[in-house]
Amino acid sequence: MTLRVYFASSSKVWSSIEWVYGIEECGYDGWEISADGNYRIDEPLAFRRICEVIETTSLEVSVHAPFTDLNIGSLNYPIYQESVRQLCACVEKAGEITDRVTIHPGYISPHGRLVPENVWELHKDALREIGRCGIENGVLVCLENMPDIPDFLCRMPEELFGMIDGVEGVGATIDIGHANTVGKVDAFLAHLKDAGHMHIHDNHGFSDEHLALGAGTIDWEMVGDRVRKEYDGRCVVEGRNLTEAAESLEMFQRWFR
């Protein structure tokens, strides 16, 4: 199986785009665009600048859709509609540069806790609409498992894969770092053959620290062996800066190849 390794940094969404050239200099195959802040691909000027940079590198790309203040599990219908609209706008534009877009699930509000079955169905309906948009634009939309933050949907593998079950155009992004915060790395690895995309980063099992590979408590030798044998796709290292990107890539070469 051939693993391609990309780098992403959500902490860079307000930075000048020149930092992206460092991804290629580190030796990564691609860049996962965190489509927020200065990198909103649904904004023409930002998208044009992103395309200019991509064209001057050998980097492949994938996209992580915006998530700031969005909630596709909201019972506040105008917020729900706007959240779906923004994600569809991102997917539509992403189709011009990639075939993979990761999206975050929604979260449950205090009123939502009273009617969790309504939130579940509303969330599934949102995914159906976003999935149709993905099919129309040649993009597989991948729903990501969340870290151990109260009220977020899809922290557990059965919830993530139950949520996308039967929804056309929607797959799963397995995030190993997030899985570690809920003590479910092994359980998520059991679904590797069902994954459409993957995020990797380290932590100490308590919070979403986005550390370099090897700087936390995840058993990367075990993870790398499983991924290498059972997953065929892109692995996106999520990190805070290019120094840690280089450290993670060295560890990736050791454990995943």
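The values are calculated or read from the model by the stated rules, or taken from the named source; none is laboratory data. Quick caveat: nothing in here was measured; it's all calculated off a predicted structure. Here the Cβ is made from the backbone with ideal geometry for all residues, glycine too, and neighbour counts use every protein chain on show. Note: accessible area is taken over every heavy atom of the protein model, side chains too, but ligands, DNA and RNA are not part of it. Shrake-Rupley method; radii C 1.70, N 1.55, O 1.52, S 1.80 Å.
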Identity of the residue in region 220-232, in contact (Cβ under 8 Å) with a residue 12 or more places away in the chain and surrounded by fewer than 20 Cβ atoms within 10 Å (Cβ to Cβ), that ends up farthest from Glu60 (Cα to Cα): Glu221
For region 3-26, which positions are assigned to a loop (DSSP other than H, G, I, E, B) and either of a type in the set (Lys, Arg) or free of Cβ contacts under 8 Å to residues at least 40 places away in the same chain (or both)? Val13, Trp14, Ser15, Ser16
Restricted to region 126-157, and to residues that are out of contact with any helix residue (DSSP H, G or I) (no Cβ under 7 Å at 6 or more places or on another chain) and in a loop (DSSP other than H, G, I, E, B), which residue is farthest from Lys93 (Cα to Cα)? Pro150
Six or more apart or on different chains, Cβ under 8 Å: which pairs go from a residue in region 161-180 that's farther than 15 Å from His197 by Cβ to one that's open to solvent by less than 10 Å² (accessible area, probe 1.4 Å) and among the small types (Gly, Ala, Ser)? Could you list them? Val167/Gly131; Glu168/Gly131
Of all residues in region 90-106 being part of a loop (DSSP other than H, G, I, E, B) and among the β-branched types (Val, Ile, Thr), the one that is surrounded by the most Cβ atoms within 10 Å (Cβ to Cβ): Thr98
One residue is enough: does region 70-89 have a residue meeting the conditions part of a helix (DSSP H, G or I), farther than 14 Å from Cys142 by Cα and open to solvent by less than 10 Å² (accessible area, probe 1.4 Å)? yes
